[in-house]
Amino acid sequence: MPVCKRFVSLFSVFVLSHSTIALQAQQKQDPRAQEIVRSAVKVELAADRADHSRWQYRDVNQKPDGEALYQVVETDHGSVKKKLKHNGRPLTPEELKAEDARIQSFVNDPTQQAKQRKDGEQDDKRAENMLRLLPNAFLWTLKNETPDTYYLSFVPDPNFTAPSMEARVFAAMAGEIAVNKQQNRIQTIKGKLIHDVTFGWGIFGRMNQGGTFNVERRELAPGVWQIVESHVHIDGHVLLFKTINEQEDEVKTDFRRTPPATTLEQAATILKAEPTALDAQR
């Protein structure tokens, strides 16, 4: 599973940025801090290659149009999810039946499955590329440390030459990360858009100053870390008049392993039982 797939989807909404001269003047490269990040990235990449775990979990997703509770089941063949609540209201039997039909359509449709795999592979590649940039795209400072955790801050490095558009976007952030000392794993990453971001002098797009993201990861099993919370709050427009309003808060809980060799059909069967499990928790 990708170590920071969600990070990429957050960063990719930002376009181009002017230099952050004020912040950069206050922060110089701390070789020790940079090495901590470099070591963490190396460990994350190795752990990602070795991790073949699959999970089931509750996913609460809040957007401007409302809040939804899903149950998600990951398998080696893809993942399926079923909506159980909307704005705190359990779905009606008719709505649950429609959800089961949608899931069954996916299970029986190789085209939908292939699209999910392709999208996942592209996200994974972007995530890996962004992760590799962390040590060199920013100026790092060790802000604080405890017996368990390093706390580091970052601002864009003016000497960094981005190899791609996405890299230029990624390297325009300023924020903080926390790294677990014992395992060299990234626990949290927070970033903020410190001024307006413009594309084509603002004619083709602008992201408004103050946009933020916040991602938290947790160890679910020995050596296995997953994103459990993500919070994205940005505003702007692209392509002249299209408004971007990315306001999303996602919290994942109740993780448990999916049994090995679980098929998509078996995952669909698991999800059919979820309303009963939900009732038992209330």
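Quick note: the coordinates plus some simple rules give every number you see, no bench work behind them. Computed from a predicted model, the values in this text were never measured in an experiment. Don't worry about glycine lacking a Cβ; one is built from the backbone with ideal geometry, like all the others, and counts go over all protein chains shown.
Assorted remarks:
- FRET efficiency estimate (nearest 0.05) - Cβ-Cβ, R256 to E94, R0 30 angstrom: 0.55
- Packing rank of 172-179, 56-63, where each peptide gets the mean count of other beta carbons within 10 Å, highest leading: 172-179, 56-63
- Protection proxy ranking, highest mean first, for peptides 92-100, 31-39: 31-39, 92-100, where packing is the per-residue count of other beta-carbon atoms within 10 Å, averaged.
- Cβ-Cβ FRET estimate between Q29 and E216, R0 fixed at 30 Å, reported to 0.05: 0.70
- Inter-label distance, nm, simple model (7 Å from Cα along the C-beta direction), Q183/N129: 2.8 nm
- Taking other Cβ atoms within 10 Å as a rough exposure proxy, D76, D65, D51 sort from fewest to most as D65, D76, D51.
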